[in-house]
1. Checking the condition within 20 Å of A135 (Cβ to Cβ) and of a type outside the set (S, T, N, Q), which residue from M57, M20, M93 passes?
2. Would you be able to tell me the number of residues in segment 23-45 that are more than 11 Å from M132 (Cα to Cα) and either surrounded by fewer than 17 Cβ atoms within 10 Å (Cβ to Cβ) or not hydrophobic (A, V, I, L, M, F, W, C) (or both)?
3. What's the number of the condition I76 fails, among (1) at pLDDT 80 or above; (2) among the aliphatic types (A, V, I, L, M); (3) within 19 Å of the chain's Cα centre (by Cα); (4) within 30 Å of S5 (Cβ to Cβ)?
4. Of everything in segment 80-112 that's farther than 30 Å from L10 by Cβ and of a type in the set (F, W, Y), which residue is surrounded by the most Cβ atoms within 10 Å (Cβ to Cβ)?
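The values are calculated or read from the model by the stated rules, or taken from the named source; none is laboratory data. Source: prediction; values computed, not measured. Cβ atoms come from the backbone with ideal geometry, glycine included; neighbour counts cover every protein chain shown.
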Amino acid sequence: MNISSPAAILAAHLLVLSAMSFGGFPSVLPNVHELAAANGWLSDREFADIFAVSQVMPGPNMILMMSFIGLKLGGITGAIASALATFGPPCAMYYLSYSLWDRFGEMPWQLIVRRALAPLTVGLVVAGGCVMAHASDVDWAGAAITAGAVALTLRTRLRPLTARHAKTDTKACR
């Protein structure tokens with residue numbers, strides 16, 4: 001993989017983003033979308049389609065999504081580099097922070113950090129959702145589906161992806 005290739009640029013960008021993402025990779029999804037769109041690597045529709053496919057697949061869907069983008073830009077090598085860049089830094093940081101968190105468990109700053117991370121994470125994930133809604137709502141039908149999913153989620157205990165299982169699994173809606 002050439003250092004100036006789109007796949008290498010993507011992997012380097014993902015390496016930085018994965019090291020600073022709070023709330024998982026969806027919190028930095030707007031930044032990935034901006035990079036892909038600014039360089040002409042993916043259209044809004046392609047980005048939304050890759051997001052949708054990766055979300056319905058089981059397993060670590062953001063790693064899968066970044067792998068799909070890396071695959072499009074640099075083949076198998078690009079997919080592997082993108083996957084490693086997405087999960088490598090957080091794994092190392094989780095390991096280190098967990099050992100430090102346990103070691104300093106009674107310190108007052110932990111309560112401050114815990115209280116601050118929840119609102120920060122929610123805000124970043126909602127921002128990612130807004131970017132995806134904008135990228136996928138290119139016509140009235142897409143906007144109607146998004147609005148319906150939002151209304152269903154906010155007004156009921158049903159969740160759009162679990163609602164289809166409601167007849168067979170009554171616990172899915174609780």
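1. Step by step, each of M57, M20, M93 is checked, and only M57 is within 20 Å of A135 (Cβ to Cβ) and of a type outside the set (S, T, N, Q).
2. Count: 10.
3. The failed condition is (3).
4. Among those that are farther than 30 Å from L10 by Cβ and of a type in the set (F, W, Y), it is W101.
Yes or no, residue by residue, for (1) at pLDDT below 80; (2) of a type outside the set (F, W, Y):
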site	(1), (2)
P89	no, yes
Y94	no, no
P108	no, yes
G129	yes, yes
R159	yes, yes
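Residues are listed down the side, and each one gets a yes or a no for (1) touching a Ser or Thr at 6+ places or on another chain (Cβ under 9 Å); (2) under 24 Å from W41 (Cα atoms); (3) charged (D, E, K, R):
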| position | (1), (2), (3) |
| --- | --- |
| P58 | no, no, no |
| L64 | yes, yes, no |
| G70 | yes, yes, no |
| F87 | yes, yes, no |
| L111 | no, no, no |
| R114 | no, no, yes |
| V138 | no, yes, no |
| R157 | no, no, yes |
